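Novice: Structure in structure tokens, see below.
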Amino acid sequence: MNALSKAAEPIVQPTIGQILLQRGLVAESDLAKALSFQATLGGRLGAILVRIGSVSEDNVLEALSAQLGLEIVSSEQMPQDPTTYIETIQSSGIEPEWWIDQGAIAWAVDANTVCCLCRDPLSTSLQEALADAFQEKSVVWALIRNRDLDMMLDLVRRTLADDGRDVTGDVALLRELAEEAPVVELVSNALSQAVNEGASDIHVEPREHEFDIRYRIDGVLQNRLTLPRSRFDAVASRIKLISGLDIAERRLPQDGRIGLRISGKDLDVRVSCLPGVWGESIVMRLLLKEHKNFTLAKLGMSSDHLEVFARLANEPYGIILVTGPTGSGKSTTLKATLEEIKDGKRKIITVEDPVEYNIPGVTQVQTKADIGYTFARALRSILRQDPDTIMIGEIRDVETAQIAVQASLTGHMVFSTLHTNDALSAFTRLIDMGVEPFLVASSIRAVMAQRLVRQLCPHCRVPHDPPAAIIQKCHELRKLFPQLMTNAPRWFAAKGCRQCQNTGYRGRIGIYEMAVVTDELSDMVQHQKPIHEMAVVARKSGYRDLLEDGLIKAWQGETSVEDVLRIAGQMGVDGD
């Protein structure tokens with residue numbers, strides 16, 4: 001590891017709060033609240049700011065590093081063998097239990113230097129105790145994330161066989177553990193880091209001897225932390241406690257919600273607990289409450305798709321369906337669409353479960369299935385509100401589908417989503433639900449299927465030639481869509497760097513397939529022709545499938561061929 005700075009007298013000016021303010025990392029109101037909390041109950045200001053969700057632990061550590069002149073040590077820089085710490089701890093002459101209680105750890109950097117890490121490197125009593133314990137050596141201090149320190153402390157504790165208590169059956173003890181500072185900080189830090197990294201979900205997954213905390217970033221799960229199984233029950237209880245779930249219930253699935261302020265952002269967290277063999281799998285879906293400026297132009301639609309979709313969205317009546325699996329960006333597309341057509345002259349009403357994005361100027365209705373307020377029932381009420389445009393979160397049953405069709409045929413523009421694998425399957429899906437084929441054919445204006453592919457990190461992407469079959473496929477596409485592939489191909493592959501957490505990707509864009517209902521296609525829908533025959537007709541109007549649209553974006557250097565194939569499959573591409 002790099003040379004570490006020796007402990008120095010705490011620098012009074014500037015304070016940690018002033019540094020965070022100067023860097024624009026914390027609001028003055030949040031700082032005032034934290035100072036008031038500190039004056040009443042004590043504690044370190046940085047830890048208080050993290051606990052109330054005003055700032056992330058990483059930001060506090062960087063400010064402390066600047067204030068104290070101490071290096072921040074990552075878990076990768078630390079020895080991975082627990083015996084390294086145990087030998088140093090035993091050489092101190094102080095009982096290991098004291099070290100664990102103090103939340104401190106140390107190891108010998110060399111024959112004359114000991115590095116010490118702890119939760120509070122400013123603790124005078126701790127500094128004096130270790131200076132006395134290591135009189136013959138130079139003691140240096142460094143900063144570390146609490147979660148990394150906890151991981152190493154647990155490793156040492158387990159090695160010392162000092163972690164044998166069973167807390168799984170004691171609800172009172174679980175509640176007590178859930179309120180302990182290390183557990184509170186672990187959960188808060190996990191949420192803060194997830195928000196800072198742009199994660200959509202946090203997965204807490206127990207195994208036989210350990211449990212993992214993983215983030216879904218840009219649609220892909222990435223492991224962020226692995227801790228001993230002995231800590232899982234306290235962490236699970238903490239999450240349940242703040243989301244209003246029953247701590248004692250571990251046999252049945254539970255769902256809850258949390259409203260939090262994390263890293264200065266208001267957050268709505270949906271929590272799902274599912275019993276498994278080694279304990280409950282917990283998934284937290286993160287939804288930022290703040291209004292994002294989504295526009296259709298920023299979603300990744302190619303110019304031809306954008307032109308057609310924007311034109312159809314402004315039609316006075318009909319149905320436009322957006323299809324795809326969960327997490328494919330359907331809700332974001334519909335929100336951007338409503339933002340696009342919102343002009344103050346139309347009455348726009350949505351019915352959703354749940355309302356994910358707040359849209360100013362739009363009346364949004366939340367269904368409540370537990371009291372019988374379903375999509376169908378809400379739609380009947382909405383039609384009495386004199387709407388011009390209706391957005392239905394999802395068509396789930398024949399009753400909702402029939403009301404949507406009738407609304408479109410009586411002069412309303414209807415937007416909705418459907419779970420199908422491609423655009424043309426939407427017609428078959430509605431007919432299979434029980435909607436008459438002639439009603440499907442006469443009401444739907446267009447169906448758009450979509451997926452999300454990862455954008456290549458601009459800092460580390462590297463030139464890369466794809467397989468010959470892909471190049472051949474793209475040359476064929478260029479003849480069909482010359483306006484989209486005017487430049488020479490810009491093939492890139494992912495590499496990985498610090499900017500992108502070594503994934504090679506940052507952010508996501510959509511790939512789309514759009515089927516516009518022409519008279520010929522409408523006739524085929526009415527006569528229930530096979531999907532492959534409908535595709536031939538749809539291509540006359542510029543239809544292309546998800547794979548083809550993804551390859552066009554890979555040609556343009558926006559994503560990698562590898563990620564397109566991961567999302568859209570290899571149908572239509574021969575060879576590897």
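FYI, it's all coordinate maths here, none of it is from the lab. Because the structure is a prediction, the values reported are computed rather than measured. Backbone-built Cβ (ideal geometry, glycine too); neighbour counts: all protein chains shown.
Novice: Given H placed 1.01 Å from N in the peptide plane, which residues other than close sequence neighbours of Glu71 have an amide H under 5 Å from its amide H?
Specialist: Ser5, Leu143
Novice: Using just the alpha carbons, could you tell me how many Å³ per residue the convex hull of the stretch 362-414 encloses? Spell out each step's value before the answer.
Specialist: Working: hull volume 4.0 nm³, N = 53.
Taking the convex hull of the Cα positions in the stretch 362-414, it is 75 Å³ per residue.
Novice: Another question about this same structure. In the chain, with Lys and Arg counted as +1 and Asp and Glu as -1 at Cβ, which of these residues, Gly279, Thr40, Leu338, has the Cα nearest the positive end of the dipole, that is, farthest along it?
Specialist: Value computed over the given set: Leu338.
Novice: Follow-up. Suppose each label sits 7 Å from its Cα in the direction of the beta carbon; what would the His464-Arg490 distance come out to in nanometres?
Specialist: About 1.7 nm separates the two model spin labels.
Novice: Now a separate question. Given R₀ = 22 Å, FRET efficiency for Glu520-Gln406 by Cβ-Cβ distance, to 0.05?
Specialist: According to the calculation, E is roughly 0.30.
Novice: Nearest 500 deg cm²/dmol is fine: what mean residue ellipticity at 222 nm does the chain get from its DSSP H runs of n ≥ 4 alone, each adding -39,500 (n - 2.57), divided by its residue count?
Specialist: Working: 22 runs with 222 residues, N = 576.
Mean residue ellipticity, 222 nm, calculated: -11500 deg cm²/dmol.
Novice: Gln222's amide H: which non-local residues (gap 5+, or another chain) put their own amide H closer than 5 Å, with H modeled 1.01 Å from N in plane and none for Pro or chain starts?
Specialist: Tyr215, Arg216, Ile217
Novice: Of the peptides 42-52, 295-305, how do they stack up when ordered by the mean number of other Cβ atoms within 10 Å, highest first? Please list the in-between numbers first.
Specialist: Numbers: 42-52: 18.7, 295-305: 17.0.
Per-residue Cβ counts within 10 Å, averaged per peptide and sorted highest first, yield 42-52, 295-305.
Novice: A further question on this structure: Which of the peptides 142-150, 266-274, 449-457, 496-504 is most tightly packed, and how do the rest follow, going by the mean number of other Cβ atoms within 10 Å of each residue?
Specialist: 449-457, 142-150, 266-274, 496-504
Novice: Given Cβ point charges of +1 (Lys, Arg) and -1 (Asp, Glu) and nothing else, what value in debye, to the nearest 20, does the dipole of the stretch 16-157 about its Cα centre take? Don't skip to the answer; put the middle values down first.
Specialist: Details: 9 positive and 20 negative charges, 110 e Å.
That gives a dipole near 520 debye.
Novice: Using each residue's phi in the stretch 68-81, evaluate 6.51 cos²θ - 1.76 cosθ + 1.60 at θ = phi - 60° and report the 3J(HN,Hα) Karplus result to the nearest Hz, with x for Gly and Pro.
Specialist: In residue order, the calculated couplings are 9, x, 9, 6, 8, 9, 8, 5, 5, 7, 8, x, 9, 8 Hz.
Novice: What is the Å³ per residue value for the convex hull set by the Cα atoms of the stretch 178-275?
Specialist: On the way: hull volume 9.8 nm³, N = 98.
Normalising the Cα hull of the stretch 178-275 by residue number yields 100 Å³.
Novice: Between Leu274 and Asp110, 0.36 nm times their residue separation minus their Cα-Cα distance comes to what?
Specialist: On the way: separation 164, 0.36 × 164 = 59.04 nm, distance 4.77 nm.
Fully extending the segment from Leu274 to Asp110 adds 54.3 nm.
Novice: Here's a follow-up. Percent of alpha carbon pairs in the stretch 42-201 separated by more than 20 Å? Please list the in-between numbers first.
Specialist: Details: 6989 of 12720 pairs.
Distances greater than 20 Å cover 55 percent of the Cα pairs.
Novice: Can I ask one more? Quick one: angle between helix 124-133 and the longest Cα principal axis of the chain, in degrees between 0 and 90, rounded to 10, please.
Specialist: Roughly 60 degrees between the two axes.
Novice: Oh, and also: Near Glu520, within a Cβ-to-Cβ distance under 14 Å, what is the net charge of the other residues, with Lys and Arg +1 and Asp and Glu -1? Intermediate values should be presented prior to the final figure.
Specialist: Details: positive: Lys529, Arg539, Lys540; negative: Asp519, Asp523, Glu533.
The answer is 0.
Novice: So what is the diffusion coefficient of the chain in µm² per second by Stokes-Einstein at 20 °C and 1.002 mPa s, using a Kirkwood Rh over Cα pairs?
Specialist: Details: Rh = 27.2 Å.
It comes out at roughly 79 µm²/s.
Novice: Sum up the charges of everything whose Cβ sits under 13 Å from the Cβ of Phe37, counting Lys and Arg as +1 and Asp and Glu as -1, but leave Phe37 out. Intermediate values should be presented prior to the final figure.
Specialist: On the way: positive: Lys33, Arg44, Arg51; negative: Asp30.
That sum, taken over residues with Cβ under 13 Å, equals +2.
Novice: What FRET efficiency comes out for the pair His209/Asp81, r = Cβ-Cβ distance, R0 = 22 Å, nearest 0.05? Display every interim value, and only then the final one.
Specialist: Numbers: r = 18 Å, r/R0 = 0.81.
Result of the calculation: an efficiency of 0.80.
Novice: Tell me the Kirkwood radius of the stretch 425-576: reciprocal of the mean inverse pair distance over distinct alpha-carbon atoms, in Å.
Specialist: On the way: mean 1/r = 0.0590 Å⁻¹.
It works out to 16.9 Å.
Novice: How about the stretch 249-315: which GluC sites (Glu not before Pro) there are in a DSSP loop, with at most 14 other Cβ atoms within 10 Å of their Cβ? Don't skip to the end; give the middle numbers.
Specialist: Details: sites: Glu249, Glu280, Glu290, Glu307; in loops: Glu249, Glu290.
Here the sparse-neighbourhood loop sites are Glu249, Glu290.
Novice: Relative contact order for the chain: what is it in percent, counting Cα pairs under 8 Å that are at least 6 residues apart? Intermediate results must be reported in sequence, preceding the final value.
Specialist: Numbers: 998 pairs, mean separation 53.7, N = 576.
It rounds to 9 percent for the chain.
Novice: Over its Cα atoms, what ratio of radius of gyration to 2.2 N^0.38 Å does the stretch 305-439 give?
Specialist: Working: Rg = 13.9 Å, N = 135, 2.2 N^0.38 = 14.2 Å.
The value comes to 0.98.
Novice: To continue, here is another question. About its Cα centre, how strong a charge dipole does the chain have in debye, to the nearest 20, once Lys and Arg get +1 and Asp and Glu get -1 at the Cβ? Working shown, then result.
Specialist: On the way: 62 positive and 77 negative charges, 365 e Å.
Result for the chain is approximately 1760 debye, rounded to the nearest 20.
Novice: Please report the equivalent ellipsoid semi-axes of the stretch 231-288, computed as sqrt(5 x eigenvalue) of the Cα gyration tensor, largest first, in whole Å. Please report the intermediate quantities before stating the final value.
Specialist: Values: eigenvalues 93, 24, 19 Å².
One finds semi-axes of 22, 11, 10 Å for the stretch 231-288.
Novice: If the chain between Asp432 and Asn223 were fully stretched, how many nm would it gain, using 0.36 nm times the residue separation less the Cα-Cα distance? Walk me through the numbers before you get to the answer.
Specialist: Details: separation 209, 0.36 × 209 = 75.24 nm, distance 4.06 nm.
Value of the extension gain: 71.2 nm.
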